[in-house]
1. Could you point to the residue in VAL156, VAL87, LEU55 farthest towards the positive end of the chain's charge dipole, with +1 and -1 charges on the Cβ of Lys/Arg and Asp/Glu respectively?
2. Calculate for the chain the 222 nm mean residue ellipticity that helices alone would give, adding -39,500 (n - 2.57) per DSSP H run of length 4 or more and normalising by residue count, nearest 500 deg cm²/dmol.
3. So, in the stretch 84-157, how many Lys pairs have Cα atoms under 29 Å apart, if the pair is 8 or more places apart or on different chains?
4. To the nearest 0.05, how large is the calculated FRET efficiency for ARG70 and VAL19 if R₀ is 22 Å and r is the Cβ-Cβ distance?
5. With r as the distance between the Cβ atoms of LYS85 and LEU121 and R0 = 25 Å, compute the FRET efficiency 1/(1 + (r/R0)^6) and round to 0.05.
6. Between ILE150 and ILE50, 0.36 nm times their residue separation minus their Cα-Cα distance comes to what?
7. Please identify which residues in the stretch 11-42 have an amide N closer than 11 Å to a label point set 7 Å out from the Cα of THR61, following the Cα→Cβ vector.
8. With contacts defined as alpha carbon pairs under 8 Å and 6 or more residues apart, what's the relative contact order of the chain in percent?
Amino acid sequence: MIEETAISIVTNNIANRDVKDWNKKEIFEALTAIYKDESALTQEDIDKIIYEDELIEKAKTYLLGGYEKREASLPNPKILRGIEKAVILRSTDALWMDHIDTMQNLRESVAFSGYAQKDPLTEYKGLSFELFNELMAMIKANTLNTLFKIDLEKVVPQEMLKQSEVKQTITNDAEIK
């Protein structure tokens, strides 16, 4: 999801434009809205880049590096995997309920498209496909934003952190000294 988001941010702001017309300010703002680390990325870093592939790689590296820092702040990566699962499920559940309501409204509104000399089934299929793509994009965006913004110290119970710490062991060598 991180890589897809980085690619999407860059391509949406440079697509079919000359290098001098790239919206590098928007790229920087979108990346730092997800994760903010001035020591890892500055506007000048983005402004120097003139190749699309290099800009995409910079965006990916920045976001993945930020995520790896968050992961390293925990004693065990399995803790973050559990948080990831919970966040994806919660995001999907909330957005899916909204999607169901939207699809119901779409079904009702498409019923009237026959009056406009349009095939209601074709209209429904096309619009529902667009809504599904929007749903998937929103799930990715919500999940990613939540994972970067969540306060890991509050989410992870202290007992789990203590259990995942390496316990100090005493060996026979330690007793000899």
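All of the numbers you see were taken from the coordinates with simple rules; none came from a lab. Not measured: the values here are computed from a predicted model. Every residue, glycine among them, receives a Cβ derived from its backbone with ideal geometry; neighbour counts consider all protein chains shown.
1. The listed residue farthest towards the positive side: VAL156.
2. Theoretical 222 nm ellipticity from helices: -24000 deg cm²/dmol.
3. Working: LYS85/LYS140; LYS85/LYS149; LYS85/LYS154; LYS125/LYS140; LYS140/LYS149; LYS140/LYS154.
For the stretch 84-157, qualifying lysine pairs total 6.
4. E between ARG70 and VAL19, to the nearest 0.05, is 0.10.
5. 0.10
6. Stretched fully, the ILE150-ILE50 segment lengthens by 32.6 nm.
7. Backbone N within reach: 41.
8. On the way: 101 pairs, mean separation 45.2, N = 177.
Taking the mean separation of contacting Cα pairs over the length of the chain, I get 26 percent.
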